[in-house]
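In what follows, a single structure is set out as structure tokens and then discussed.
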Amino acid sequence: MGKTLVEKIFDSHLKSEPFEGTKVLNLDVVMCHEITTPIAIADLEWRGKDRVFDASKIKVVIDHVTPPKDTKSAVQSKILREWARRYNIRDFFDIGQNGVCHALFPEKGFIRPGYTIIMGDSHTCTHGAFGAFAAGVGTTDLEVGILKGVCAFRQPNTIRVNLRGALGRGVYAKDVALEVIRQLTVNGATDHVIEFRGEVIDRMDMEQRMTITNMAIEAGGTSGVCMPDGVTLDYLWPFIAEEYGNDKVKALDAFKAWWSDEDAEYARVVDIDVSTLEPVATVGYKPDQVKKLSELGDMKIDQVYIGSCTNGRLSDLREAAALAKGKKLAPTVRGIVAPATTDVYRQAMKEGLLDTLMEAGFCVTNATCGACLGMSNGVLAPDESCAATTNRNFNGRMGAGGMVHLMSPAAAVASGVKGALCDPREIMGEVTK
Amino acid sequence: MKTFGGKVLFLDRSDINTDEIIPAKYLTEVKKDALGPHMLEDLSLDGFDPQSEKTKDASVIVTRANFGCGSSREHAPWALEVNGITVVIAINYARIFRQNMFNCGMLAIELEEAKIDALFAMANDDVGCAVDIENKELTFTTSAKTETVPFSIAPFDEALVRAGGWVEYADKNL
Ligand code: SF4
């Protein structure tokens, strides 16, 4: 019997199996941000175990509330900053270089196919787009990761999602992600890894793939993975060329060794023809409450938010700006763009994307999680609603009493222009109703 | 090992997420105790009052499916812990929440749906729950009756609970 990509990673990183089915894995990367790590540091100090297993494998960013909004968030940043300095953690990103962790760390070239990665953040599954096993964990797992470089997992089974066909006009990676969650439901992938396969994934760039793996957790998935291929290779090449002696063929062979075998066993296989998909948005407090935008009535919105680890990357801002060009946000709508990283911000500025968006009425904030989790930069008032390119629509997520509608950047811009939830094809000029 | 058992708080809904257990706005706290007053503050459940005596007196939560979904924040089990709740009983959990519970040396017990239904049938009464880890039994007591329900727990999770959590376990064994 063949093995899946995740089974291969588990086998190659197994440190011990203290009980049948419990695998303690050696970790290649432990990522940290200022919300879940300071309390881990404080606990390690309290236990007299303030050490790190390998400073070169720890990547640190201040991203959730940056610049700090109050004394408490300033203290969190300070604890993390001082800890990173104390242990000479070189890969530490503070104001001026920072950005949302799951956009920043790939951009810096820290992810490799076959890696094991943990972070005290549920959307760590994003990095599976590179063919890595990347899982969100809590603070205690993070502590043990920092201290010993290991993490224990029940070996997950794999759900294979085959995506075929071609995306129609106005339909993006985000729509595919939401369709997968709709079909699997919010806990359909619990204790499973979702493997995204097929011609649709093959044609996608790394940013689109990350949009999809990012949301695996919204179906309960331990992680989401794609097979590392030529696209992965090109993205990583500036960081790995030397490692492979400038030999792309050799590198690709090494990547392909991680691929799931043809005869690997899957817990479930789901086939989706994306040609049939339409632009969608969530309506409700669960990410599987997905509806076609063309079928929604008049649902007013108060805010548009473009950003986050799901859809705050350069391609997302290009998509948003392309649609916003020459248009204005409805007077009843506030528009906020938070480029996911500092580099995304600068590049978007060079390309004139920010100018286009500002011309349309958007405000541009620095790179931060901000409103995605309702901590700063665009918190909603009770009974307000937001067309958001984020990944979570829980009750209170963007502010108590607020409603978040998840959708693609294009759909968010279209909704902002209309002042109500809107199929992006309406604004593109192709009337579909 | 922590102590387990006491009064039961019934939360009759599936998919209760960690934002509802402890909202993100309290994640700037770096002390667990500060989370205490905000446990379940944003829970959307008809008739539920996070500040009621019933909520404050509880040591055990009984709920439905996919409890603890969403964010990885361990602040969720901590918010329960500082309020004296060290046992959750549900049909199933989101993976990270379940692991966080055991990593803190707390119990995330899974019972099949019919058993959970039977527990909810008692919910109008005051219900107490005793936990016997040795024999893997839960004993529920109301004014009218006593009912014993067996449960199972994965060996690794039990080892974590007995060690007092994952840091303690990893220290001794890895
Ligand atoms: S952008 Fe949102 S979902 Fe992503 S890491 Fe930040 S808070 Fe979490």
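Values in this text are rule-based calculations from the coordinates and carry no lab data. All figures in this text were calculated on a predicted structure; none of them were measured in a lab. Here the Cβ is made from the backbone with ideal geometry for all residues, glycine too, and neighbour counts use every protein chain on show.
In peptide A:186-192, how many Cβ atoms from other protein chains are near each Cβ within 10 Å, on average?
Numbers: counts 8, 11, 1, 1, 9, 5, 1.
Per-residue shielding by partner chains comes out at 5.
So what's the range A:88-247 giving for Cα Rg divided by 2.2 N^0.38 Å, two decimals? Don't jump to the answer; show the numbers that get you there.
Working: Rg = 15.9 Å, N = 160, 2.2 N^0.38 = 15.1 Å.
After normalising by residue count via 2.2 N^0.38 Å, the value is 1.05.
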When we measure straight from the Cα of A:LYS328, which lysines land under 19 angstrom away, once same-chain ones fewer than 8 places off are left out?
A:LYS300, A:LYS418
In whole Hz and in residue order, list the ³J(HN,Hα) couplings for the range A:235-243 that follow from phi through the Karplus curve 6.51 cos²θ - 1.76 cosθ + 1.60, θ = phi - 60°; x for Gly and Pro.
4, 8, 3, x, 8, 10, 3, 5, 3
With no solvent term and unit scatterers on the alpha-carbon positions of the range A:280-427, Debye gives log₁₀ I(q)/I(0) at q = 0.10, 0.12, 0.16 Å⁻¹ of -0.27, -0.40, -0.72
I'd like the antiparallel share, as a percent to the nearest 5, of DSSP beta bridges with both residues in the protein assembly as shown.
35 percent
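Over the range A:15-143, calculate the relative contact order: mean separation of alpha carbon pairs under 8 Å at least 6 apart, over the residue count, as a percent. Write out the running numbers ahead of the final one.
Numbers: 200 pairs, mean separation 36.1, N = 129.
Computed over the range A:15-143, the figure is 28 percent.
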Once both axes come from the Cα atoms, what is the angle between helix A:37-46 and the longest principal axis of chain A, in degrees from 0 to 90, rounded to 10?
30 degrees
DSSP bridge orientation in the range A:280-427 - percent antiparallel, rounded to nearest 5:
20 percent
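Of the DSSP beta bridges with both residues in the range A:5-271, give the percent that are antiparallel, rounding to the nearest 5.
On the way: 9 of 35 bridges.
Bridges in the range A:5-271 are about 25 percent antiparallel.
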Once the cut-off is 13 Å, how many percent of the Cα-Cα pairs in the range A:302-363 end up in the long-distance tail?
56 percent
Quick query: amide H of B:LEU9 versus all other amide H atoms, modeled in the peptide plane; which residues come in under 5 Å with a sequence gap of 5 or more or a different chain?
B:SER59, B:VAL60, B:ILE61, B:VAL62
Once every DSSP H run of n ≥ 4 in chain A is given -39500 (n - 2.57) and the sum is divided by its residues, what mean residue ellipticity at 222 nm do you get, rounded to the nearest 500 deg cm²/dmol?
-9500 deg cm²/dmol
Using a cut-off of 20 Å between alpha-carbon atoms, which aspartates and glutamates can reach B:LYS145, once sequence neighbours fewer than 8 places away in the same chain are excluded?
B:ASP117, B:ASP125, B:ASP126, B:ASP132, B:GLU137
For chain B, calculated [θ]222 nm from helices alone, where every DSSP H run of n ≥ 4 adds -39500 (n - 2.57)
-7500 deg cm²/dmol
Filtered hits (aspartates and glutamates, Cα-Cα < 12 Å from A:LYS8, offset >= 8 within chain) -> A:ASP261
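Rounded to whole Å and ordered largest first, report the semi-axes of the equivalent ellipsoid of the range A:180-268 derived from its Cα gyration tensor (root of 5λ). Could you put the intermediate results ahead of the total?
Numbers: eigenvalues 153, 42, 22 Å².
The answer is 28, 14, 11 Å, longest axis first.
In the structure shown, do any of A:LYS256/A:LYS350; B:LYS25/B:LYS56; A:LYS78/B:LYS172 have a Cα-Cα gap over 25 Å, and if so which? Can you show the working numbers first?
Numbers: A:LYS256/A:LYS350 36 Å; B:LYS25/B:LYS56 21 Å; A:LYS78/B:LYS172 31 Å.
Among A:LYS256/A:LYS350; B:LYS25/B:LYS56; A:LYS78/B:LYS172, the Cα-Cα distance tops 25 Å for A:LYS256/A:LYS350; A:LYS78/B:LYS172.
Counting pairs of Cα atoms in the protein assembly as shown, how many percent are more than 49 Å apart?
Above the 49 Å cut-off, the protein assembly as shown has 8 percent of its Cα pairs.
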Over all directions, how big on average is the projection of the convex hull of the alpha-carbon atoms in the range B:21-73, in square nanometres?
4.4 nm²
Residues with amide H under 5 Å of A:GLY131's amide H, sequence separation 5 or more or different chain, H placed in the peptide plane at 1.01 Å from N; which?
A:CYS226
Normalising by the residue count of chain A, find the relative contact order in percent from Cα pairs under 8 Å and 6+ residues apart.
17 percent
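Calculate the mean, over all residues of peptide B:25-36, of how many other protein chain Cβ atoms lie within 10 angstrom of the residue's Cβ.
Details: counts 8, 1, 11, 16, 5, 9, 2, 3, 0, 1, 0, 0.
The shielding value for this peptide is 5.
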Could you tell me how many degrees, from 0 to 90 and to the nearest 10, lie between the Cα long axis of helix A:71-86 and the main elongation axis, the longest principal axis, of the Cα atoms of chain A?
40 degrees
Taking just the alpha-carbon atoms of the range A:5-271, what radius of gyration and Dmax come out, in angstrom?
18.4, 58
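Roughly speaking, what % of Cα-Cα pairs in chain B are separated by over 26 Å, rounded to a whole number? Show your work: numbers first, answer last.
Values: 3519 of 15051 pairs.
Everything past 26 Å amounts to 23 percent.
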State, in angstrom, two size descriptors of the range A:125-185 derived from its alpha carbons: Rg to one decimal place and Dmax to the nearest whole number.
16.2, 49
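Please compute, for peptide A:388-395, the average count of beta-carbon atoms on other protein chains lying within 10 Å of each residue's beta-carbon. Don't skip to the answer; put the middle values down first.
On the way: counts 0, 0, 0, 0, 5, 0, 13, 7.
Across the residues of A:388-395, the mean count of other-chain Cβ atoms within 10 Å is 3.
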Can you run phi through the Karplus equation (6.51, -1.76, 1.60; θ = phi - 60°) for the range B:117-129 and list ³J(HN,Hα) in whole Hz, with x for Gly and Pro?
4, 5, 5, 5, 5, 8, 4, 6, 8, 7, 10, x, 10
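Are there GluC sites (Glu not before Pro) in the range B:44-150 that DSSP puts in a loop and that have at most 15 other Cβ atoms within 10 Å, and which ones? Write down the numbers at each step before the final one.
On the way: sites: B:GLU53, B:GLU74, B:GLU81, B:GLU110, B:GLU112, B:GLU113, B:GLU134, B:GLU137, B:GLU147; in loops: B:GLU74, B:GLU112, B:GLU134.
The qualifying sites are B:GLU112, B:GLU134.
Could you please report the charge total around A:ALA340, scoring K, R as +1 and D, E as -1 over all other residues with beta-carbon less than 11 angstrom from its beta-carbon?
Values: positive: A:ARG313; negative: A:ASP63, A:GLU107, A:GLU207, A:ASP316, A:ASP343.
Surrounding charge for A:ALA340 is -4.
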Can you work out the Karplus-derived ³J(HN,Hα) for every residue in the range A:248-263? Use 6.51 cos²θ - 1.76 cosθ + 1.60 with θ = phi - 60°, whole Hz, and x for glycine or proline.
5, 5, 4, 5, 5, 4, 5, 4, 5, 4, 7, 4, 4, 5, 3, 9
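To one decimal place, what Kirkwood hydrodynamic radius in Å is obtained for the range A:229-365 from all pairs of distinct Cα atoms? Could the numbers behind the result be given before it?
Working: mean 1/r = 0.0531 Å⁻¹.
The Cα-based Kirkwood calculation yields 18.8 Å.
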Starting from the Cα of B:PHE48, step 7 Å along the direction of its Cβ; do the same at B:ARG162; then give the gap between the two resulting points in nm.
3.4 nm
